[in-house]
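Presented below is the structure to which this report refers.
The values are calculated or read from the model by the stated rules, or taken from the named source; none is laboratory data. Keep in mind that this is a model prediction, so the values were computed, not measured. Cβ placement follows ideal geometry from the backbone for every residue including glycine, while neighbour counts extend to all protein chains displayed. Please note that ligands, DNA and RNA were not included when accessible areas were found on the heavy atoms of the full protein model with its side chains. Shrake-Rupley method; radii C 1.70, N 1.55, O 1.52, S 1.80 Å.
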2 protein chains.
Amino acid sequence: MTANILVVEDEPAIQELIAVNLEHAGHHVIRTRDAEGALQIVNHALPDLLLIDWMLPGTSGVALAKQLRHEERTRQIPIILLTARSSEQDKIQGLEAGADDYVTKPFSPRELLARIKAVLRRRAPEMTDEPVDVGGLRLEPATRRVFGAGKPLQLGPTEFRLLHFLMTHIERVHSRSQLLDQVWGDHVFVEERTVDVHIRRLRKSLEPSGHDRLIETVRGAGYRFARV
Amino acid sequence: MTANILVVEDEPAIQELIAVNLEHAGHHVIRTRDAEGALQIVNHALPDLLLIDWMLPGTSGVALAKQLRHEERTRQIPIILLTARSSEQDKIQGLEAGADDYVTKPFSPRELLARIKAVLRRRAPEMTDEPVDVGGLRLEPATRRVFGAGKPLQLGPTEFRLLHFLMTHIERVHSRSQLLDQVWGDHVFVEERTVDVHIRRLRKSLEPSGHDRLIETVRGAGYRFARV
DNA sequence: CCCACATGTAACATTTCTGTCACACGACCT
DNA sequence: AGGTCGTGTGACAGAAATGTTACATGTGGG
């Protein structure tokens, strides 16, 4: 469960602490130090969750939360407030402002991550677990198994994701770049040739059942999974 | 999705109203009027969900919730709090007490049922008190015992819950995060690596009968209980 | 208060996976 | 044929995931 999280925090040390922890948990972190920056970023691309410090230079975190709740585009983005004070009054104001949760500083990274997880779960629909059958190959996300001609095949994690993507996008040719985005993720920085190597490994893994030829090379374009 | 629901409510009229609605929806309702009664019932048989009124004679609903969260046996039972007040303050205390959700009186039956459904959905199905037999292993929730090849095995509490969950969800791969949610509970803040250690302990406990190999590691994904 | 047990973490060991290279091979063009 | 480009292939070192052990803490019972 990875997400794009916008951290609005003016104190560099705390911002860094948070970012490190969130990224360690696999989240993608975008940072800004005040409400203005937050609004600008949000207008550009909606994050999955906002982590807002209560005290900000200029517009306060609570005010920012309220404002985001008022606009249609941003109304549904979960918000977690960070507050240094533990006053009940603040908590009330925070929840009234529309925050989904709040975390009191000092907080443990674990606690922060747990809250984020809980908040995200409330809005995240489950990803598709449906098995895929193509050309005699069967891939089951739930059990994380692949069968070729009835026999189980052994794939590594990346091979599995790659095959899953290809099998759910039959016939179409995917460039290395597209595959990197879809299988590795938007933000990763790896050589395009890496895709070749994994295609090679995947083919090798599919070889025992003879299904390796289902993955076709389209010279100058990329790779494709054939129907038959 | 039907469940055993313990309703802790001192006002007879409201208790009746709730019970009628829940039963109409197919749930089995157990009733009590105070915290003491609730604890007694819980000690006898664990319900699938607790519906607790905020205001109770004697021990308050919040205190009861906290107490249940504190004990190993009852930690994972979902709790929904009923409150007559709409104060945000209550909301906060309720969430801090470990409630999964809360409903403000007066509430519509539809709303109550919706919340119950939502809370129950987070919990995996099939975790009943029925004995489970898989691959020569037998687990009896009622007696809290496990037999491997006919001989009794000795497991710790967490090992038992973990094995129970795995045995009732054969073949499927569970991420560490999912296992934490299902075996430890939603609200617990522990490291994911803790799962590994308990898997290790569980395997060791199953070793005497050779059933330790039934628990498979799926690299990059999590763990699974094999069929055979 | 002491003891046995259970639990969560840290630390270290081991295995597996990944990304890159360097080079081989084959396709395509002139 | 020769040359160029794109892809296949095998090797390898670093990174990541998991196994394993040890330890500190907490808890409940004698």
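Karplus couplings for the stretch A:109-120 from phi (6.51 cos²θ - 1.76 cosθ + 1.60, θ = phi - 60°), rounded to Hz, Gly and Pro as x?
x, 4, 4, 4, 5, 5, 5, 4, 4, 5, 5, 5
So for A:D196, A:D53, what's the accessible-area order with a 1.4 Å probe, most first? Present the calculation step by step, with values, prior to reporting the outcome.
On the way: A:D196 30, A:D53 5 Å².
Putting A:D196, A:D53 in descending order of accessible area: A:D196, A:D53.
Report, in listed order, any pair from A:K151/A:K204; A:K66/B:K66; A:K66/B:K117 with a Cα-Cα distance greater than 27 Å.
Those over the limit are A:K66/B:K66; A:K66/B:K117.
For chain B, what is the charge dipole size about the Cα centre, in debye to the nearest 20, if Lys and Arg each add +1 at the Cβ and Asp and Glu each add -1 at the Cβ?
So the dipole magnitude of chain B works out to roughly 920 debye.
For the stretch B:159-228, which trypsin sites (Lys or Arg not before Pro) are both in a DSSP coil and crowded by at most 12 other Cβ atoms within 10 Å?
Within the stretch B:159-228, the qualifying trypsin sites (Lys or Arg not before Pro) (loop, at most 12 other Cβ atoms within 10 Å) are B:R219, B:R227.
Averaged over its residues, how many other protein chain Cβ atoms are within 10 Å of peptide A:150-158's Cβ atoms?
Shielding by partners across A:150-158 averages 1.
Taking R0 as 25 Å, what's the FRET efficiency between A:E36 and A:D186 from their Cβ-Cβ distance, rounded to 0.05? Write out the running numbers ahead of the final one.
Numbers: r = 26 Å, r/R0 = 1.03.
In this case the efficiency is close to 0.45.
How big is chain B along each principal axis, measuring the range of its Cα positions in Å and listing the largest first?
56, 32, 30
In square angstrom, rounded to the nearest 10, how much accessible surface does A:H164 have for a 1.4 Å probe?
We get 40 Å² for A:H164.
For chain A, report the accessible area per residue in Å² (1.4 Å probe, heavy atoms, rounded to an integer).
53
Sort the following peptides by mean Cβ neighbour count (other Cβ atoms within 10 Å, averaged over residues), highest first: A:43-49, B:35-41.
Top of the packing list down: B:35-41, A:43-49.
At a 1.4 Å probe, what is the % contribution of carbon and sulfur to the accessible area of the protein assembly as shown?
Carbon-and-sulfur percentage of accessible area, whole number: 50.
Roughly how large is the B-A contact in terms of buried accessible area, totalled over both chains, probe 1.4 Å, nearest 100 Å²? Present the calculation step by step, with values, prior to reporting the outcome.
Working: alone 12160 and 12970 Å², together 23370 Å².
Looking at B and A, the buried total is near 1800 Å².
When the helix-only estimate is applied to chain B (DSSP H runs of n ≥ 4, each -39,500 (n - 2.57), divided by the residue count), what is the mean residue ellipticity at 222 nm, nearest 500 deg cm²/dmol?
That comes out to -11000 deg cm²/dmol.
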